[in-house]
Amino acid sequence: DAKTTQPPSMDCAEGRAANLPCNHSTISGNEYVYWYRQIHSQGPQYIIHGLKNNETNEMASLIITEDRKSSTLILPHATLRDTAVYYCIVAYFYGQNFVFGPGTRLSVLP
Amino acid sequence: EAQVTQNPRYLITVTGKKLTVTCSQNMNHEYMSWYRQDPGLGLRQIYYSMNVEVTDKGDVPEGYKVSRKEKRNFPLILESPSPNQTSLYFCASSGGGSRNEQFFGPGTRLTVL
């Protein structure tokens, strides 16, 4: 079973920030939080990952709560091309058994 | 171009007819894996390989075989396909590094009649 819980779907207006939550209350101290997304039926694409500090890259920001039991992926200015299923995954850094749950289907609306 | 390739992209076959889906990566990655994706179930890992000649079961290995004789290739073998193996299959590879990012192939849509 997936170690994470995400809302099944969300809407976001184009140009606004999309905030996608993820609960991972059973995360262990050495496990990272990874985010991937899947557009239509293409292969999933890496977005960002973090351990306990907030992270930012060219695609998104990741905010992890201090107790590490939840996190939020932020797409600062969502575009129509960001419409996808977003997966939050908890895994050890060198662990390779990624468990993908159902994810959150984000619809960016014009 | 760094990529993971899969062949075939689409395949319709019949129950019991052995088939192989190939996967190849050109990034010299040590780790490779296979997933299947079914509606409402997300991606589930079938098998993974940490290096040549090293493979291990994922969450749904029944009915599948894999081999890793070369670093770049990781074929998925269905010796006797059944209709419940109709699915979308993805191969992935990663080489560790600062992101430990998994690179996914384009997918193979398999239908078993």
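Looking only at residues in the stretch B:79-113 that are crowded, with 21+ Cβ neighbours inside 10 Å and among the hydrophobic types (A, V, I, L, M, F, W, C), the one that is farthest from A:PHE98 (Cα to Cα) is B:LEU110.
Summed over the stretch B:33-43, the residues that are hydrophobic (A, V, I, L, M, F, W, C), more than 7 Å from chain A (Cβ to nearest Cβ) and more than 11 Å from the chain's Cα centre (by Cα) give a count of 1. For the stretch B:44-59, the criterion of being of a type in the set (Lys, Arg), open to solvent by less than 40 Å² (accessible area, probe 1.4 Å) and under 12 Å from the mean Cα position of the chain (by Cα) is satisfied by no residue at all. With the checklist (1) closer than 18 Å to B:ASN100 by Cα; (2) without any contact (Cβ under 8 Å) to a residue 24 or more places away in the chain; (3) in a loop (DSSP other than H, G, I, E, B); (4) in contact with a Phe, Trp or Tyr (Cβ under 9 Å, 6 or more places away or on another chain) in hand, flag the one item A:GLN42 doesn't pass. That leaves (1) as the condition not met. Only one of the numbered conditions (1) in contact (Cβ under 8 Å) with a residue 24 or more places away in the chain; (2) more than 14 Å from chain B (Cβ to nearest Cβ); (3) part of a strand (DSSP E or B) is violated by A:ILE63, and that is (1).
Going through the stretch B:12-43 one residue at a time, which ones are part of a loop (DSSP other than H, G, I, E, B) and either farther than 12 Å from B:PHE74 by Cβ or open to solvent by 70 Å² or more (accessible area, probe 1.4 Å) (or both)? If the condition is that a residue be part of a loop (DSSP other than H, G, I, E, B) and either farther than 12 Å from B:PHE74 by Cβ or open to solvent by 70 Å² or more (accessible area, probe 1.4 Å) (or both), then B:VAL14, B:THR15, B:GLY16, B:LYS17, B:LYS18, B:ASN26, B:MET27, B:ASN28, B:GLU30, B:PRO39, B:GLY40, B:LEU41 are the ones that fit.
The values are calculated or read from the model by the stated rules, or taken from the named source; none is laboratory data. None of the values given here were measured: they were computed from a predicted structure. FYI the Cβ positions are ideal-geometry reconstructions off the backbone, even for glycines, and counts take in every protein chain you see. Ligands, DNA and RNA are excluded from the accessible area calculation, which covers all protein heavy atoms including side chains. Shrake-Rupley method; radii C 1.70, N 1.55, O 1.52, S 1.80 Å.
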